[in-house]
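Worksheet: the structure to be examined is printed underneath.
The values are calculated or read from the model by the stated rules, or taken from the named source; none is laboratory data. Here the structure is a predicted model, which is why all the values come from computation and not from measurement. Every residue, glycine as well, gets a Cβ built from its backbone with ideal geometry; the counts of neighbours run over all protein chains shown. Only protein heavy atoms, including side chains, enter the accessible area calculation; ligands, DNA and RNA are left aside. Shrake-Rupley method; radii C 1.70, N 1.55, O 1.52, S 1.80 Å.
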Amino acid sequence: MAHTYARFAGVVRTVHIYLTMSAFLLMMFFAVTGVVLNHEDWIAGQTVTRDTTATVPAALLAGPDKLMVVETLRNDFGAIGAVSTFDVDESSLHIELKGPGRHTEADVDRKSGKLTLKVERRGLLMRLDDLH
C-alpha cells in the first residue's frame with residue numbers, strides 16, 4: 001500500500017510541476033504581449049510595408065469570382081491571411097486579408113483591372129502581440 005501511494009505521489013508531483021511550468025509560461029506570454037499591446041510605440045521600425053501596382057485579368061472581375069480573386073492575390077502577389085473584408089461595387093473591389101502580424105489591403109478597378117496592393121508585415125514581437 002505504501003509503495004502504491006509513493007508511486008501515485010510521484011506521478012502527481014511530476015504532473016503538478018509540468019502544469020505549473022506551462023501555466024507560468026502562458027502567464028509570461030500574456031504579460032509581455034500585454035505590455036507591448038499598450039506601448040507599441042516602444043517597438044519602432046518593426047513594420048515593413050510593400051506597395052505594388054499590377055493588373056488583374058478581367059475574367060476574374062466580371063462576376064467577380066471572389067475565390068479566384070483572393071487566390072490570385074495570394075499566389076501572384078504574396079498576400080497572406082484570412083479574408084476579413086471583400087467589398088464589391090460597380091466600379092471597384094476592396095479586399096483585406098488579416099493574420100497575426102500581417103495585413104494586406106487590395107483595391108481593384110473593375111473596368112481596367114488595375115490593382116493597388118499594400119502588404120504590411122510586422123516583426124516577431126508584434127506578431128505575438130496580435131495573438132494576445
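Would you point out the residue of the stretch 11-59, among those that are touching a helix residue (DSSP H, G or I) at 6+ places or on another chain (Cβ under 8 Å) and at pLDDT below 80, that is nearest to LEU115 (Cα to Cα)?
THR47
Picking from ARG127, ARG74, which residue would you name as being under 17 Å from the mean Cα position of the chain (by Cα) and modelled with pLDDT under 85?
Going through ARG127, ARG74 in turn, just one is under 17 Å from the mean Cα position of the chain (by Cα) and modelled with pLDDT under 85: ARG127.
Does the stretch 4-62 hold any residues that are within 18 Å of LEU128 (Cα to Cα) and charged (D, E, K, R), and which are they?
The answer is GLU40, ASP41.
Could you check the stretch 20-58 and list, in sequence order, the residues that are open to solvent by 90 Å² or more (accessible area, probe 1.4 Å) and assigned to a helix (DSSP H, G or I)?
MET21, PHE24, LEU25, LEU26, MET27, ASN38, ASP41, TRP42
Can you name every residue in the stretch 79-99 that is under 12 Å from the mean Cα position of the chain (by Cα) and loosely packed, with under 15 Cβ neighbours inside 10 Å?
ALA82, SER84
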